[in-house]
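Computed from the coordinates by the stated procedures, all read-outs in this text should not be read as laboratory data. Worth saying up front: this structure is predicted, and the values here are computed from it rather than measured. A quick note on method: Cβ atoms are made from the backbone with ideal geometry, for glycine too, and the neighbour counts reach across all protein chains shown.
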Amino acid sequence: MPNDDPGVIGSGPTVPDRTTFADALAVLAKYRIEPPAAVRATSKKGAAGEIEETPKPGDPRLARVETIMVATPQRSLEAAAAVASDRGLEVVMLGDNLEGEARELGAAHARQALDLAKQAGKPTVILSGGETTVTVRGKGRGGRNVEYLLAEAIAAGGTAGIWGLAADTDGVDGAEDIAGAIFTPDTLARARAKGRDPQAMLDDNDGHSFFEMLGDSLVTGPTRTNVNDFRATLIAP
């Protein structure tokens, strides 16, 4: 969850909600969104005080609630960093709250990996978390992690010594029961050998189909937890 704020978790009904019906109406107006009539009617009633708001900070009904963070994005990244360090890897930690367009972030991380590969230093892993955005342009089977990873693979250009992994920690990337995927130095070559165009599949937001045809999907099943997305890029020149 962004900044470990329990108030923004969809599954946090025992946490005070700072937002209001009036806030919802303001967002609709700002982005010129016309919601279903029932949604607008309910929001207007709430803003007018005709129906009850969600519990707010200071609500006595929540006075005895205690929220304990068992797992957080940063702790998960630190655990991964510890495993990497134990195996002799240098760790570049980019943070647990990276956002932005998935394909742009993937390309940026590929450029960073290429720079590290040129230095021919100690094997290194780039770690990051956060949740990206996908602007849907095509009709493919996609998710933000496979979108990120396919863009990263394309930007890495099949460079020897660069591998990548991206997955949603709840085991579901987008609407698929697939957590994410991996790419290897020969990912693009294997796809082209099958007659597939990686860039065309990215343009069609078809990341799941791309990695599935290569057998490189990452399927974990339900993990029973969700601490954002996890991304790792290995540079071992």
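Summary of values
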| read-out | value |
| --- | --- |
| Mean Cβ neighbour count within 10 Å, used as a protection proxy, ranking 82-89, 196-203 highest first | 196-203, 82-89 |
| Cα→Cβ-extended label distance, 7 Å offset, between residue 213 and residue 19, nm | 3.8 nm |
| Rounded tilt (10° steps) of 73-86 against the dominant C-alpha axis of the chain | 20 degrees |
| ³J(HN,Hα) computed for each position of region 95-111 - Karplus, 6.51 cos²θ - 1.76 cosθ + 1.60, integer Hz, glycine/proline x | x, 9, 10, 6, 10, x, 5, 4, 5, 5, 5, x, 5, 5, 5, 5, 4 |
| Flagged links, alpha-carbon separation over 30 Å, of 139/194; 44/139; 30/139 | 44/139 |
| Sorted peptide list for 147-156, 50-59, criterion being average Cβ within 10 angstrom, highest first | 147-156, 50-59 |
| Long-range amide H partners of residue 176 with built H, under 5 Å | none |
| Anisotropy class of region 64-133 from Cα gyration tensor, a/c 1.5 cut | oblate |
| ³J(HN,Hα), Karplus 6.51/-1.76/1.60, whole Hz, each residue of region 186-199, x for Gly, Pro | 9, 4, 5, 5, 5, 5, 5, 5, 8, x, 10, 9, x, 5 |
| ³J(HN,Hα), Karplus 6.51/-1.76/1.60, whole Hz, each residue of region 61-70, x for Gly, Pro | 5, 10, 4, 9, 6, 10, 9, 10, 7, 7 |
| Estimated inter-spin distance, residue 52 and residue 4, nm [label 7 Å along Cα→Cβ] | 3.2 nm |
| P(r) of region 2-62 over all Cα-Cα pairs, binned every 5 Å from zero, in whole percent | 3, 17, 21, 21, 21, 12, 4, 0 |
| Added length on full extension, which subtracts the Cα-Cα distance from 0.36 nm per residue, residue 71 to residue 41 | 7.0 nm |
| Amide H contacts under 5 Å for residue 218, placed H, 5+ residues apart | 179, 180, 181, 182 |
| Among (i) -0.22, -1.64; (ii) -0.30, -1.29; (iii) -0.25, -1.36, the entry that matches log10 I(q)/I(0) by the Debye sum over Cα atoms at q = 0.07, 0.18 Å⁻¹ as calculated here | (ii) |
| Positive-end residue, region 1-58 charge dipole about Cα centroid, Cβ charges, pick of 9, 28, 54 | 28 |
| Within the chain, helix-based [θ] at 222 nm, where runs of 4 or more DSSP H residues each add -39,500 (n - 2.57), nearest 500 | -11000 deg cm²/dmol |
| Length-normalised contact order for the chain - Cα pairs under 8 Å, 6+ apart - percent | 20 percent |
| Built amide H within the under 5 Å cut-off of residue 226, gap 5+ | none |
